[in-house]
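The block underneath contains the structure these notes are about, expressed in structure tokens.
Nothing in this text is a laboratory measurement; each read-out follows from the coordinates by a stated rule. Computed from a prediction, not measured in an experiment: that's the story for all the values here. Methodologically, a virtual Cβ is constructed for each residue, glycine included, from the backbone with ideal geometry; neighbour enumeration extends over all protein chains shown.
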Amino acid sequence: MSQTMTGVVQYDLKPHSVELREIELPEIGDGEILLKVGAVSVCGSDVHQYHGTQSWPVRTPVILGHEFGGIVAKAGKGVRSFKEGDRVVSETAAFICGECLYCRSGDYNLCPQRKGFGYGINGAMSGYVRVAERCLHHIPDSLPFERAALTEPCCVAYNCVTVKSRIRPGDTVVVLGPGPIGLLCAEMARINGAGTLIVTGMNQDISRLEAARDLGVNYAVNVQETDLADLVRSVGDGLGAHLIIDAAGASAALKSALEIIRPGGQITKVGWGPQPLGFSLDPLVQKAVTLQGSFSHTFQNWEQVVSMLSSGQINLKPIISRVAGLGDWKDCFDGMHDGRYVKTVLQPE
């Protein structure tokens, strides 16, 4: 095995400080696994880091990529559940303290010391990645790596829609933001029985709104051309949406959500955005709305989603736009940034 590998590295916090570099093969310790990367999908957060627009701390230099799966190349001392040759996917909580209230109660995604792959610890846009055994989940031979690489964003959507939100069959559900997470939230809402399903975007989201239509949503609308409030009032009983998933993150999205949510409804916010609100939250009180945040995922989410992906229950075909080698990382990043691609997947070989 060569002692070096190629990786997509963010080397500075300045915009566009990302390049392919030759880097040392990682060394593993007790309880760790050296994973030969089969595929790693590009997340919007990777694109944000490339453009220097992220709202979370980044340690540079760092190998990007936190949505990945691969084959166990080597197991460290004390590893019990995985062996060389196993096909796996990995969670993103690369480091947790293991001792705090959240770690001990299974909500380790909320650990105050949590560090994730691709911003705090080297990620998987490379030939190999070092992973703690606790992060891994077995996948069947029938699940190809280019689909398995989307397990993580599917888990984000599963946690947001199925765990943190309430959907009853027949509910009107609106997803604000047609990026990969928004589209996967729409897919989870469909699976959970949403009656009328609306996904919104803007002028730059033509391909993403088309993907939403391919997923079978009832309305995929450009809010720069369609009055969303009028549309929501025209469906069901006219009282507004039962559930709104804010996958856009911008302050304007939350303001819109407060306008179209029904009294007693729920807004679940999964999108990030550093802007100040700049508007009143009085409608939240007046309508007695539940506003819920959703972050990351847990072990149980992963087990459920792996099962759903393996059975074909989650439709990824409209979402994966391109599968390419590491050498094409820039086109994949740029294509997601400008809306040409919905989701891209990189394969080191």
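The table for this structure:
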| quantity | calculated |
| --- | --- |
| Gaussian network model of the chain, springs between alpha carbon atoms under 10 Å - residue of N192, N218, N122 with greatest fluctuation | N218 |
| Net charge, K330 excluded, C-beta distance under 14 Å - Lys, Arg +1, Asp, Glu -1 | -3 |
| Charge tally in the Cβ shell below 14 Å around V173, where Lys, Arg are +1 and Asp, Glu are -1, V173 excluded | +2 |
| Candidate lysines - alpha carbon under 26 Å from K343, same-chain residues fewer than 8 apart omitted | K14, K36, K115, K164, K269, K317, K330 |
| Segments 164-173, 193-202 sorted - mean Cβ within 10 Å per residue, highest first | 193-202, 164-173 |
| Cα pair count fraction exceeding 17 Å, expressed as % - the stretch 208-258 | 44 percent |
| Within a Gaussian network of the chain (alpha carbon springs, distance under 10 Å), most fluctuating of G293, G312, G179 | G312 |
| The stretch 157-293 - share of DSSP beta bridges that are antiparallel (%, nearest 5) | 0 percent |
| Span from the the stretch 198-219 Cα centroid across to the the stretch 4-26 one, whole angstrom | 34 Å |
| Around K269: net Lys/Arg minus Asp/Glu count, Cβ-Cβ under 13 Å | +1 |
| Cross-link partners of K255 among aspartates and glutamates (Cα-Cα below 13 Å; sequence separation of 8 or more within a chain) | D246, D282 |
| Alpha carbon centroid spacing (whole Å) that separates the stretch 59-90 from the stretch 222-264 | 41 Å |
| Average silhouette area of the stretch 28-91, convex hull of alpha-carbon atoms, in square nanometres | 5.1 nm² |
| Cα-based convex hull, the stretch 157-293, per residue volume (Å³, whole number) | 95 Å³ |
| Prolate/oblate/rounded label for the stretch 83-242 (Cα gyration tensor, a/c 1.5) | prolate |
| Set of aspartates and glutamates near K77 by C-alpha distance (under 12 Å), chain-local residues within fewer than 8 positions excluded | D30, E32, E133 |
| Area projected by the alpha carbon convex hull of the stretch 68-137, averaged over all directions, nm² | 4.9 nm² |
| Cα pair distances in the chain, grouped into 20 Å bins until the bin that holds the longest one, percent each | 31, 57, 12, 0 |
